[in-house]
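Asks: Take a look at this one; I'll ask things after.
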Amino acid sequence: MIAIAALWISVLLIGGGFALDRVLTGAITRNFDSSLEYVLIAMIRSSEIGPDGEVRLIEPLGDQRFLEPYSGLYWQISGGGQEPYRSRSLWERTLKSPKPHVDTGLHTYDSTQFPDEQLRILERNVILPGSKTNWRFQIAQSRQALDEQIRAVRATLIPSLGLLGVGLIVLAALQTFYGLWPLRHIRRAIAAMRGGENRRVIAPLPLEVQPMVEELNALLAHNEKQAEEARLHAGNLAHALKTPLTVLLNSAAGSDSELAETIRREAATMRRQVDHHLARARAVGRRGAAQARAVVWDSVDSVLRALTRLHPDVRFDEAGDKTLVARVERQDLDELIGNLLENAAKYGGGSVFVTVQRAGGMAEILIEDDGPGISPADRQRIFDRGVRLDSGKPGTGLGLAIVRDVAEIYGGSVALEESEDLGGTLVRLKLPAA
């Protein structure tokens with residue numbers, strides 16, 4: 001907008017300046033020519049034909065410059081094949097016409113016939129009483145004074161228009177800058193919404209952008225409503241499936257047949273699938289609540305207390321920032337940490353170490369164990385659903401898939417590495433820090 005305004009202002013000022021320059025220089029030139037025309041008329045009126053048929057002035061022209069050689073002001077009368085009758089200021093010079101012609105009216109032109117002086121010449125052909133000769137009357141003056149006046153006008157005009165152009169461009173820039181300033185308020189308000197400080201754009205804004213803000217708030221409300229409806233629908237569907245699955249499991253528990261074993265296995269797999277998609281739906285619905293907060297240390301401590309009772313033979317240790325807060329629901333954070341710590345306790349060698357720290361704008365949770373570790377080729381594949389590297393222990397291979405999906409829903413990530421301290425697997429879970 002500023003560039004377009006600057007370009008348009010420049011075009012208008014250049015065009016207007018050119019037109020104004022033509023008007024002013026034309027006015028100055030016409031005024032200059034008028035003074036010469038006055039002298040030319042006076043010279044014609046003072047002319048008469050002498051006894052020998054020559055032309056002469058009965059009254060001398062009043063300007064003393066006509067008597068000073070090379071003064072810059074000259075007159076000349078020529079015609080009839082006679083030697084030109086000229087002012088003393090011409091000295092040995094003669095005024096010449098561009099080409100043979102007859103000027104019944106006033107003829108004005110510039111001449112460079114004098115190498116050191118540019119002339120402005122007015123001429124006219126006149127037949128004087130008592131003579132049949134067509135006399136050419138010429139009056140000439142140096143353009144120096146005229147050019148100085150034109151330069152003085154341009155010396156004022158060009159800087160003035162330049163200053164005006166700069167002022168207009170600065171004004172357009174300020175108008176654009178402050179006119180679009182409310183959009184910066186909207187950007188900060190949206191950033192505050194992402195950071196969980198507000199749920200809507202509530203900053204006082206000008207009337208020009210208020211309709212856009214109202215539409216934005218309405219869109220946010222609509223999206224939240226749709227997300228909540230989808231979450232409730234997924235939750236209802238999951239709970240509706242859990243009941244028949246429980247019935248199938250209970251019915252199959254009392255039988256040792258191959259069919260009962262198949263039912264138990266497949267029903268357990270279906271239940272884990274239901275839990276997986278229910279966790280995703282719950283995380284998606286909660287992500288819309290930007291005010292979600294959870295103290296990471298409290299969640300780790302709570303999960304470790306529960307796992308200590310389930311795995312009394314495993315040693316759990318924790319260290320790090322006890323005040324670090326992640327932008328995630330506490331229930332989802334418990335589920336993420338619980339899945340990872342349970343895997344570390346189940347597949348590790350008996351020692352698990354948890355570190356809580358901040359890494360840039362992320363809350364980082366490091367979980368290390370002293371188990372056999374995971375090869376680099378399997379560290380990405382293990383996050384796929386149903387993939388299990390150790391089939392000798394109970395599980396369905398959905399835990400890490402749930403962790404990855406829920407972490408990514410909140411804008412985080414999870415990765416597997418090798419623990420330098422314990423020699424086993426290091427799980428690096430990152431979630432946005434509050």
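The values are calculated or read from the model by the stated rules, or taken from the named source; none is laboratory data. Because the structure is predicted, anything quoted here is derived from the model rather than measured. Heads up, the Cβs are rebuilt from the backbone with ideal geometry, glycines too, and the neighbour counts pull from every protein chain shown. Surface accessibility is based on the protein's heavy atoms, side chains included, excluding ligands, DNA and RNA. Shrake-Rupley method; radii C 1.70, N 1.55, O 1.52, S 1.80 Å.
Asks: Output the residues belonging to region 30-65 that are aliphatic (A, V, I, L, M) and farther than 15 Å from Ser131 by Cα.
Replies: Passing the criteria: Leu36, Val39, Leu40, Ile41, Ala42, Met43, Ile58, Leu61.
Asks: Separate question: Counting only residues that are assigned to a strand (DSSP E or B) and of a type in the set (Ser, Thr, Tyr), which one in region 107-150 is most open to solvent (accessible area, probe 1.4 Å)?
Replies: Only one residue fits best here, namely Thr112.
Asks: Condition (residue is among the basic types (Lys, Arg), surrounded by 14 or more Cβ atoms within 10 Å (Cβ to Cβ), closer than 22 Å to Glu335 by Cβ and at pLDDT 75 or above) applied to region 389-412: is it met by at least one residue?
Replies: Scanning region 389-412 turns up at least one residue that is among the basic types (Lys, Arg), surrounded by 14 or more Cβ atoms within 10 Å (Cβ to Cβ), closer than 22 Å to Glu335 by Cβ and at pLDDT 75 or above.
Asks: Still on this structure: Within region 81-90, can one find any residue that is open to solvent by less than 40 Å² (accessible area, probe 1.4 Å), small (Gly, Ala, Ser), in a loop (DSSP other than H, G, I, E, B) and more than 15 Å from Asn125 (Cα to Cα)?
Replies: Taking every residue of region 81-90 in turn, at least one turns out to be open to solvent by less than 40 Å² (accessible area, probe 1.4 Å), small (Gly, Ala, Ser), in a loop (DSSP other than H, G, I, E, B) and more than 15 Å from Asn125 (Cα to Cα).
So that you can scan it fast, the table gives a plain yes or no per residue for (1) in contact with a strand residue (DSSP E or B) (Cβ under 8 Å, 6 or more places away or on another chain); (2) at pLDDT 90 or above; (3) of a type in the set (Lys, Arg):
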{"residue": "Arg264", "(1), (2), (3)": "no, no, yes"}
{"residue": "Arg280", "(1), (2), (3)": "no, no, yes"}
{"residue": "Leu304", "(1), (2), (3)": "yes, yes, no"}
{"residue": "Leu310", "(1), (2), (3)": "no, no, no"}
{"residue": "Phe316", "(1), (2), (3)": "yes, yes, no"}
{"residue": "Thr323", "(1), (2), (3)": "yes, yes, no"}
{"residue": "Val328", "(1), (2), (3)": "yes, no, no"}
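Asks: Give the residues of region 1-53 that are of a type in the set (Ser, Thr, Tyr) and closer than 30 Å to Ile139 by Cβ, sorted by residue number.
Replies: Thr25, Thr29, Ser34, Ser35, Tyr38, Ser46, Ser47
Asks: Still on this model: Starting from residues that are under 14 Å from Ile367 (Cα atoms) and of a type in the set (Lys, Arg), keep the ones in region 311-354 and report whichever is least open to solvent (accessible area, probe 1.4 Å).
Replies: Lys346
Asks: Turning to a different aspect of this structure: Of Leu161, Leu168, which residue is in a helix (DSSP H, G or I) and within 30 Å of Gln118 (Cβ to Cβ)?
Replies: Answer to the check: Leu161.
Asks: With respect to Ala363, determine if the residue is more than 44 Å from the chain's Cα centre (by Cα) and either of a type in the set (Val, Ile, Thr) or part of a strand (DSSP E or B) (or both).
Replies: no
Asks: Sticking with this one: Assess whether Tyr70 counts as being open to solvent by 70 Å² or more (accessible area, probe 1.4 Å) and under 15 Å from Ala140 (Cβ atoms).
Replies: Here the answer is yes, as Tyr70 does meet what is asked.
Asks: Taking the criterion of being of a type in the set (Val, Ile, Thr) and open to solvent by 60 Å² or more (accessible area, probe 1.4 Å), would at least one residue in region 180-190 satisfy it?
Replies: yes
Asks: Residues being surrounded by 19 or more Cβ atoms within 10 Å (Cβ to Cβ) and either modelled with pLDDT of 90 or more or in contact with a Pro (Cβ under 9 Å, 6 or more places away or on another chain) (or both): count how many of those fall in region 417-431.
Replies: Adding up the residues that qualify gives 7.
Asks: Can you pull out the residues in region 1-37 that are under 46 Å from the mean Cα position of the chain (by Cα), open to solvent by 60 Å² or more (accessible area, probe 1.4 Å) and under 20 Å from Ala152 (Cα atoms)?
Replies: Selection gives Ile14, Phe18, Leu20, Arg22, Val23, Leu24.
Asks: For residues that are on the phi > 0 side of the Ramachandran plot and surrounded by fewer than 19 Cβ atoms within 10 Å (Cβ to Cβ), tally how many sit in region 356-375.
Replies: 1
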